[in-house]
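Structure record follows, encoded as structure tokens.
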Amino acid sequence: MKKLLLFFIASAFISCKNDKSENTSEVDQVQVDSTNVEEIEFKQVDSRLIDNDSLWKPFEADLSEFSTEVYEEVKALVFERSIPEIQQAIDNEKLTYEEVALFYLSRIKEYDRENDLSLNSIISLNPNLIKEAREKDRQISKAANHHPIFGIPVLLKDNINTANIPTTAGSYALQDNQTEDAFIVKRLKENGALILGKANLSEWANFFCEGCPNGFSTVGGQTLNPYGRKIHDTGGSSSGSGVAVAANFAPVAVGSETSGSILSPSSSNSVVGLKPTIGVLSRGGIVPISSTLDTPGPITKSVIDNAILMDAMKGVDKADAASVKAGKQQTVYYSNLENAELKGKRFGAIKSLMEDTLYVRAINDLRKAGAEIVEFEAEEIDLPNFLRLLNLDMKKDLPAYFKNYGGDVSYKSVQDVVAYNEKDSMNRAPYGQALFLGIVKDSSSEKEFAAIKDTLKTNGTRFFEKPMKEHDLDAVLSINNYHAGYAAVAKYPAITVPMGYTSENKPMGLIFIGKPFTEEHLLQFAYLFEKNTKRRKTPADYNE
């Protein structure tokens, strides 16, 4: 069969542009010597807008007192640890939330910018982080039944509105976009989370320039992959979220996905990423591409942390029609992971992917754990007018964001942003803005637009529903973001979990794709796979 439309137009623009299947061989214990590997040449790497002195000024005094000795003590309790492990150390009075916050700030300052290992994954930091962490330490004795996210620093993709920190979508045009909190940010704060800062991203969530690299934004510069800096693609568009979590710059992060933008960078950086059913998490206050397909989602190092972060963001947003339609989710996502089992679960393996040795090994791991594997030929199904769906949605959804959620900006349309960028395209749009120009030119009648959406939903659903019904499957197994487009238009949830590394040390993720509102089951499947395989390895250069 042809390549399953793995790289049809939407995947090419919205997620990882060069994410292809390959015959892989595993590298688990030894990092590859990349000295002879050809590096990617980027037009621009460093940000021209971020002022490091201003970024770090609020933390100078506190970081100066956070000695190397204390850092090492905290590292033993925090580095590569799960949220429950961190909370246990705090409960045992071995650690404070302030120390946790200072630990991550120290790592960001040491590694993220202006050095030979810089990853450019962070755009901005919460200037009140330490003050807020101290407040959590004071509150801890009164918060016996607090949510597990309490006191944990959370990094947000910089298209998610956050009070006191600009929400830029990586765009020069939005560098002063001061807003109120998005709905999911309010939920995080209500559950006690600390907002660490904002993560770099592919500008406008990868729907801006054509042919530009994943992870680039004019505000944040070029995000780089810690498993192969300037060698391996970061994936997109939640590039900074995936990279920062992988390098232990943040315990957890929030990304957003239209088609592959969580699955791709999570897989590419050996972390866990969940793309929920549309509406399970509110989109209110998030810079949009498509109200039809957009969703935020958690990106973490472990499945338990993913479930905790997912749970902390849920809630019904009356201003988001998809959230209202999805309704209240009663499930506590992190509560039943230990009680789950794979015995008797039926997973569909796509025959065209069976040449990938890591995929085959992952399938065998599931089989050994008691799961039943059914190989099937995926049907050849087109997704016509996918790009037009995104064009037509963003043409109306971005003005709605500016009107209802935008802060200190005067734009009213995509055309306004295009016009602003054209005044200084060298700095404001170094890779051009071809996709934005395509949005401006596109139009349709309401009837035509409805037909486009209906066809895509029908075709995407058929891609999964047919084999799932025929073989009584609990989930379909894929790789990285290979079938993210189908999951997007079908509105099926999907989770990626690390399954190993290629001979070039490129991370690869196993994807579980399930029917709508099966997030709890997908988290359980991923948790058990993770528990049985433990494939994630810390990137070697960021282990200090």
Report task. Divide by every residue of the chain the summed helix terms, -39500 (n - 2.57) for each DSSP H run of at least 4, and state the resulting mean residue ellipticity at 222 nm, rounded to the nearest 500 deg cm²/dmol. Result -> -11000 deg cm²/dmol
Query raised in the report: Where Lys and Arg each count +1 and Asp and Glu each count -1, what net charge lies around residue 92 among other residues with Cβ under 15 Å from its Cβ?
Result: -4
Query raised in the report: Of the beta bridges DSSP finds with both residues in the chain, what % are antiparallel, to the nearest 5?
Result: 65 percent
Requested in this report: Collect residues whose amide H, placed 1.01 Å from N in the peptide plane, falls under 5 Å from the amide H of residue 223; neighbours closer than 5 in sequence don't count.
Outcome: 216, 217
Requested in this report: Using 0.36 nm per residue of separation minus the Cα-Cα distance, give me the extension gain between residue 408 and residue 346 in nm, one decimal.
Outcome: 17.2 nm
**Report entry** Stokes-Einstein D for region 289-437, Kirkwood Rh over Cα pairs, 37 °C, 0.692 mPa s (µm²/s)
**Finding:** 162 µm²/s
Report summary line: Among 223, 207, 153, the residue whose Cα sits farthest towards the positive end of the charge dipole of region 118-271, when +1 is placed on the Cβ of each Lys and Arg and -1 on the Cβ of each Asp and Glu, is 153
Query raised in the report: Whole-Hz Karplus ³J(HN,Hα) for region 379-385, in order, using 6.51 cos²θ - 1.76 cosθ + 1.60 and θ = phi - 60°, x for Gly and Pro?
Result: 6, 7, 10, 7, 10, x, 6
**Report entry** Calculated P(r) tail over 23 Å for region 147-233, as whole % of Cα pairs
**Finding:** 31 percent
Requested in this report: For the chain, calculate the relative contact order in percent as a whole number, restricting contacts to Cα pairs under 8 Å that are 6 or more residues apart.
Outcome: 19 percent
Report task. Pop out the ³J(HN,Hα) list for region 455-461 in order, Karplus 6.51 cos²θ - 1.76 cosθ + 1.60 with θ = phi - 60°, rounded to Hz; leave Gly and Pro as x. Result -> 4, 5, 4, 5, 5, x, 5
Report task. Amide H neighbours of residue 345 under 5 Å, at least 5 residues apart or on other chains, H built in the peptide plane: list them. Result -> 372
Query raised in the report: If r is the Cβ-Cβ distance from residue 400 to residue 332 and R0 is 41 Å, what FRET efficiency results, to the nearest 0.05?
Result: 0.80
Report summary line: Scalar couplings 3J(HN,Hα) for region 263-275 by Karplus 6.51 cos²θ - 1.76 cosθ + 1.60 (θ = phi - 60°), nearest whole Hz, x for Gly and Pro, are 4, 5, x, 5, 5, 6, 10, 6, 10, 9, x, 10, 9
Query raised in the report: Binning every alpha carbon pair distance of the chain at 20 Å from zero, what are the percents per bin?
Result: 24, 60, 16, 0
Query raised in the report: Relative to the present Cα-Cα distance, how much length would full extension add between residue 434 and residue 144 at 0.36 nm per residue of separation?
Result: 99.1 nm
Query raised in the report: Within a Cβ distance under 10 Å of residue 344, other residues only, what is the Lys/Arg minus Asp/Glu net charge?
Result: 0
Query - Amide H partners (placed H, <5 Å) of residue 40, local residues excluded - result: 231
**Report entry** FRET efficiency estimate (nearest 0.05) - Cβ-Cβ, residue 446 to residue 469, R0 35 angstrom
**Finding:** 0.60
Report summary line: Summing +1 per Lys or Arg and -1 per Asp or Glu among the other residues with Cβ less than 15 Å from residue 60's Cβ gives -2
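Only the coordinates and a few stated rules stand behind these numbers; no lab work does. In this text, all values refer to a predicted model and were calculated from it rather than measured experimentally. We place every Cβ from the backbone using ideal geometry, glycine too, and count neighbours over all the protein chains shown.
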